[in-house]
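The structure appears right after this line, and notes come after that.
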Amino acid sequence: MSSSSSTFPLVYRLFFLYIEPVATAVGAYYAHFQQLEYLKLTEPSTAATVLGVSTVESIVLTQLANMYFVFALNEALVLRTTANRNVWSVFLFGLLLADFGHIYSVRVMGIETYWRFWEWNSIYWGNLGFVYVGAMLRMSFLAGLGISAQSSAAARKNKQSRSN
């Protein structure tokens, strides 16, 4: 793995290269291996709490786990390969769109779910709290917060030296 991404501030590198991929892999684990628990935490009144996980629910949760896993893997590996701010920006913009979709997905639980953090269980801390942090960091990166002209110049220099 290249350490070329080290031109970006530590907070971005820690979150995007380590914290978020690990947290997302944990989500993949629960969606695949702890399906009943995952469903109970997502919607406590779900029939799955009594009847177990249906075949359709299991298929969908395994597909979700697969998507979480590939998301974690892509973020952990792709961003490590370059210090090109354009690549990071395009990649993180795509993830920001996914953040908005993820936040939107829980709307059926009621609008108060978005801000009543004291009522959140572990799933909602992941589905909302953690996603809020990720979206905030992505927007900060895209806005250039904390990214000095020097780090942008270093990224351009790194790119030029690789193309020569």
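Here, each number is a calculation from the coordinates, and none is a lab measurement. Since the structure is predicted, the reported quantities are computational estimates derived from the model, not experimental observations. Backbone-built Cβ (ideal geometry, glycine too); neighbour counts: all protein chains shown.
Pick from SER58, SER140, SER105: which residue has the top mean-square fluctuation in a GNM of the chain where Cα pairs under 10 Å get a spring?
Largest GNM mean-square fluctuation: SER105.
Name the residue from THR42, TYR132, LEU17 whose Cα lies farthest towards the positive end of the charge dipole of segment 4-159, charges +1 on Cβ of Lys and Arg and -1 on Cβ of Asp and Glu.
LEU17
Counting Lys +1, Arg +1, Asp -1, Glu -1, what net charge surrounds ALA98 among other residues with beta carbon under 14 Å of its beta carbon? Spell out each step's value before the answer.
Values: positive: ARG138; negative: GLU20, GLU75, ASP99.
Residues close to ALA98 contribute a combined charge of -2.
Taking N as the number of residues in the chain, what is its Cα Rg relative to 2.2 N^0.38 Å? Write down the numbers at each step before the final one.
On the way: Rg = 18.3 Å, N = 164, 2.2 N^0.38 = 15.3 Å.
Compared with the compact-globule rule of thumb, the chain sits at 1.20.
I need the shape label for segment 8-83. Rule: rounded when a/c is under 1.5, else prolate if a/b > b/c, else oblate, with a, b, c from the alpha carbon gyration tensor. Walk me through the numbers on the way to the answer.
On the way: a/c = 4.83, a/b = 2.58, b/c = 1.88.
Verdict is prolate for segment 8-83.
Give me a comma-separated list of calculated 3J(HN,Hα) values for segment 71-87, in order, Karplus coefficients 6.51, -1.76, 1.60 applied at θ = phi - 60°, integers in Hz, x for any Gly or Pro.
Result, rounded to whole Hz: 4, 4, 5, 4, 5, 5, 9, 4, 5, 6, 7, 8, 10, 6, 4, 5, 5.
Using the Cα centre of segment 4-159 as the reference point, and only Cβ charges (+1 on K/R, -1 on D/E), how large is the resulting charge dipole? Debye, rounded to the nearest 20. List each step's numbers first, then the result.
Details: 10 positive and 8 negative charges, 172 e Å.
Computed about the Cα centre, the dipole is about 820 debye.
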